[in-house]
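Report on one structure; see the data block that follows.
Throughout, read-outs are computed from the coordinates displayed, never taken from laboratory work. Just so it is clear, the model here is predicted, and its values are computed rather than measured. Positions of Cβ are generated from backbone atoms using ideal geometry, with glycine treated the same way; all protein chains shown enter the neighbour counts.
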Amino acid sequence: MSRQHTHGFRIILAAAACASLAACGTVDGVSTRIASSITPYRVEVVQGNFVSREQVEALRPGMTRQQVRDVLGTPLLTSVFHSDRWDYVFTLKRQGVEPQARRLTLFFKGAELERFEGDTMPSEAEFVATLDKAARKRPIPVLEASDAALGKFQSAPAITPAEPAEPPPAVNYPPLESPSR
């Protein structure tokens with residue numbers, strides 16, 4: 001290669017290096033703006049057993065363990081060292097909302113429920129209302145059809161068939177077992 005070509009090649013290479021370094025600052029600024037405007041999806045984490053106020057009101061001292069299990073479900077925590085104690089724990093973590101944590105502890109004496117204590121539980125309707133905040137922001141559509149709206153769907157006159165439809169041909173299937181049995 002001639003000396004003139006080598007010198008031109010070096011100039012082009014230096015210009016490309018300067019342009020790429022200048023572009024790094026621009027790309028970095030753009031990527032920072034994109035990263036600040038786009039947030040990743042965060043999964044709602046629900047752990048444990050939700051226990052409603054209605055379920056707690058159904059508990060009575062003297063109930064058997066199976067009766068309690070029928071009302072509340074299987075406890076989240078049972079201890080090997082405390083076989084007469086069941087813990088029902090519920091946590092809910094949602095984006096933009098304070099985490100919810102509720103606990104209910106049941107104490108058994110032998111095979112019967114002796115007492116229970118814990119947080120004040122919400123009713124099922126109250127709990128669902130806290131989960132469905134996004135749906136409450138949307139307007140509720142009218143679910144009644146007016147006479148004008150029903151007029152759009154005037155039924156067409158019924159078409160009577162010229163000939164009655166033929167019944168489908170009978171299908172004869174072979175027996176499942178051989179007749180020799």
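With contacts taken as Cα pairs under 8 Å at a separation of at least 6 residues, segment 45-133 carries a relative contact order of 32 percent. When the Cα atoms of segment 45-133 are aligned to their principal axes, the ranges along those axes come out at 44, 26, 18 Å in descending order.
The calculated FRET efficiency for Gln47 paired with Glu144, based on their beta-carbon distance and R0 = 41 Å, is about 0.50.
FRET efficiency for the Glu54 to Val80 pair, using the beta carbon distance and R₀ = 22 Å, is estimated at 0.10.
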